[in-house]
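The structure appears right after this line, and notes come after that.
The values are calculated or read from the model by the stated rules, or taken from the named source; none is laboratory data. What you see is a predicted model; the values in this text were computed from it and never measured. Cβ coordinates were reconstructed from backbone atoms using ideal geometry, including for glycine residues, and neighbour counts include every protein chain displayed.
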Amino acid sequence: MSFEVCIERRLGERRIAADFAAAGGLTALFGPSGAGKTSLLNMVAGLLRPDAGRIAVGGTVLFDAQRGVDLPARRRRAGYVFQDGRLFPHRRVRDNLLYGWKLARPEDRWMTLDEATGFLGIAHLLDRWPRTLSGGEAQRVAIGRALLSGPRFLLMDEPLASLDRARREEIMEVIERLRDELALPILYVSHDRDEVERLANRVVAVG
Amino acid sequence: MLSPAEWEVIALSLKVSGVAVAASLPLAFALAWLLARGRFAGRILLDAAVHLPLVLPPVVTGWLLLILFGNTGPAGRWLEDTLGVTVMFRWTGAALAAAIMALPLMVRAMRLSIEAVDRRLEQAAESLGASRARVFATITLPLALPGLLAGMVLGFARSLGEFGATITFVSNIPGETRTLPIAIYSALQVPGSEGAVTRLSLIAVALSLAALVVSEVLTRRAGAGRGGDVL
């Protein structure tokens with residue numbers, strides 16, 4: 001199993017919980033806005049600590065409340081693509097892309113800058129500042145930055161939400177290629193039924 | 001145009017202010033960080049204490065400094081015994097008074113700039129493999145830097161203008177503690193020295209104006225979405 005997730009967390013009045021196991025490919029966490037999907041991704045990424053439960057990806061335990069395992073986010077090797085890109089505004093595209101790559105152990109890297117920019121069609125953007133990018137360009141750079149950090153799996157939080165229709169199609173094709181050509185396990189959050197039907201190998205209902 | 005005595009006043013003022021800002025920088029930054037990011041009981045009290053010199057009559061601050069850092073005061077004796085530094089009636093004391101008076105402004109500007117850093121960018125860096133120290137050095141600090149510098153410039157300007165606490169604590173000694181505002185005050189006591197008052201006042205206006213402009217430019221740079229290098 002690629003993803004084995006059984007976690008819960010109380011946030012204020014809400015209780016956020018998930019219990020699923022999924023093989024490779026793209027697993028969509030599907031549910032209405034406010035159901036806690038992003039919080040679930042954050043727990044898998046190590047940015048939010050579950051109250052109880054267990055998270056394993058590809059056989060590696062990332063969190064296990066009973067056994068006291070809680071890998072910090074920086075050691076989980078998650079490639080997190082955020083809804084809003086979150087490119088570092090004070091670094092050019094090239095330095096954004098290489099941020100995680102430089103931090104990764106050489107043996108953990110599986111993509112070069114050239115491969116990533118070729119794969120995503122962003123070689124012409126390398127010297128640009130993030131604020132000069134369109135939404136689609138920024139999202140491709142964000143995906144490239146995640147891939148170059150040498151991740152074992154990807155977490156994608158509504159990566160299409162802030163894009164117009166034409167850009168959505170463009171990024172959707174990129175995600176299909178990530179799923180099919182790179183064979184990376186992907187945990188994908190969305191509230192859009194069409195998106196999920198097209199991209200997901202399996203769907204986990206949340207909320 | 002300026003007499004040697006006037007140049008001495010300006011040089012002393014710049015030295016006192018520079019030392020005041022440099023010496024209080026670590027404390028100001030630590031306080032700003034605590035107030036921006038800390039979650040602890042008594043945060044409001046600490047916030048109030050930091051701002052106290054802003055609202056207290058400066059003469060009271062000077063008197064408190066005299067009690068604490070005078071030759072018989074506990075902090076004064078400690079400084080004398082361990083570091084061999086005397087602050088009372090010395091330019092170091094003027095720097096100490098200026099630092100205390102500038103601290104609220106510095107902390108405030110720095111705190112705002114730290115609070116303005118998007119924590120989600122720090123999370124992104126963490127998920128890319130960065131340790132806390134690296135997140136601080138590569139994300140938080142560069143993004144907060146213009147605001148930190150603005151805080152330093154403001155603190156420097158405030159130090160240049162410091163009068164009440166300084167004259168109370170270290171008096172008015174030419175060449176030692178007679179800084180720009182105190183020199184202007186002294187000149188005003190002497191009949192026929194309008195020329196000196198005018199010259200020194202113009203210099204004070206120019207220095208203050210320059211500091212405010214620099215600080216404003218830095219603050220705008222921090223606020224606007226960044227496109228160029230940080231500096």
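Inspect all residues belonging to the range A:184-197 and state whether any of them is within 14 Å of chain B (Cβ to nearest Cβ), of a type in the set (A, V, I, L, M, F, W, C) and surrounded by 21 or more Cβ atoms within 10 Å (Cβ to Cβ).
yes
Mind counting the residues in the range B:135-171 that are under 22 Å from B:Val55 (Cα atoms), assigned to a helix (DSSP H, G or I) and among the hydrophobic types (A, V, I, L, M, F, W, C)? Of the residues in that region, 11 qualify.
Specify the residue that is farthest from the other protein chains (Cβ to nearest Cβ); the eligible residues are those in the range B:135-148 that are among the small types (Gly, Ala, Ser) and crowded, with 19+ Cβ neighbours inside 10 Å. Result: B:Gly147. Just wondering, is there one or more residues in the range A:64-75 that are away from chain B (no Cβ under 13 Å), crowded, with 18+ Cβ neighbours inside 10 Å and at pLDDT 95 or above? Within the range A:64-75, none of the residues are away from chain B (no Cβ under 13 Å), crowded, with 18+ Cβ neighbours inside 10 Å and at pLDDT 95 or above. Among the residues of the range A:68-107, those that are within 15 Å of A:Asp127 (Cα to Cα), assigned to a helix (DSSP H, G or I) and among the charged types (D, E, K, R) comprise A:Arg94, A:Asp95.
Just a yes or no: is a residue in the range A:29-50 more than 8 Å from chain B (Cβ to nearest Cβ), surrounded by fewer than 17 Cβ atoms within 10 Å (Cβ to Cβ) and either part of a strand (DSSP E or B) or without any contact (Cβ under 8 Å) to a residue 40 or more places away in the chain (or both)? Within the range A:29-50 (the criterion being more than 8 Å from chain B (Cβ to nearest Cβ), surrounded by fewer than 17 Cβ atoms within 10 Å (Cβ to Cβ) and either part of a strand (DSSP E or B) or without any contact (Cβ under 8 Å) to a residue 40 or more places away in the chain (or both)), the answer is no, since none of the residues qualifies.
Regarding the range A:179-195, can at least one residue be identified that is out of contact with any Phe, Trp or Tyr (no Cβ under 9 Å at 6 or more places or on another chain), of a type in the set (Asp, Glu) and either under 18 Å from A:Gln83 (Cβ atoms) or free of Cβ contacts under 8 Å to residues at least 40 places away in the same chain (or both)? Checking the range A:179-195: at least one residue is out of contact with any Phe, Trp or Tyr (no Cβ under 9 Å at 6 or more places or on another chain), of a type in the set (Asp, Glu) and either under 18 Å from A:Gln83 (Cβ atoms) or free of Cβ contacts under 8 Å to residues at least 40 places away in the same chain (or both). Find the residue count for the range A:1-15, including only residues that are surrounded by fewer than 17 Cβ atoms within 10 Å (Cβ to Cβ) and among the small types (Gly, Ala, Ser). Qualifying residue count for the region: 1. Taking the criterion of being of a type in the set (A, V, I, L, M), assigned to a loop (DSSP other than H, G, I, E, B) and within 14 Å of chain B (Cβ to nearest Cβ), the only residue of the range A:130-170 that qualifies is A:Leu133. Considering only residues in the range A:108-124 that are in contact (Cβ under 8 Å) with a residue 24 or more places away in the chain and not in a loop (DSSP other than H, G, I, E, B), the one that is nearest to the other protein chains (Cβ to nearest Cβ) turns out to be A:Asp108.
So is A:Leu154 touching a Leu at 6+ places or on another chain (Cβ under 9 Å), farther than 22 Å from A:Gly58 by Cβ and at pLDDT 95 or above or not?
no
Taking (1) under 17 Å from the mean Cα position of the chain (by Cα); (2) within 13 Å of chain B (Cβ to nearest Cβ); (3) at negative phi in turn, A:Asp127 satisfies each apart from (1). Taking the criterion of being in a helix (DSSP H, G or I), at the interface with chain A (Cβ under 9 Å from one of its Cβ atoms) and touching a helix residue (DSSP H, G or I) at 6+ places or on another chain (Cβ under 6 Å), the residues of the range B:103-134 that qualify are B:Leu121, B:Ala125, B:Glu126, B:Ser127.
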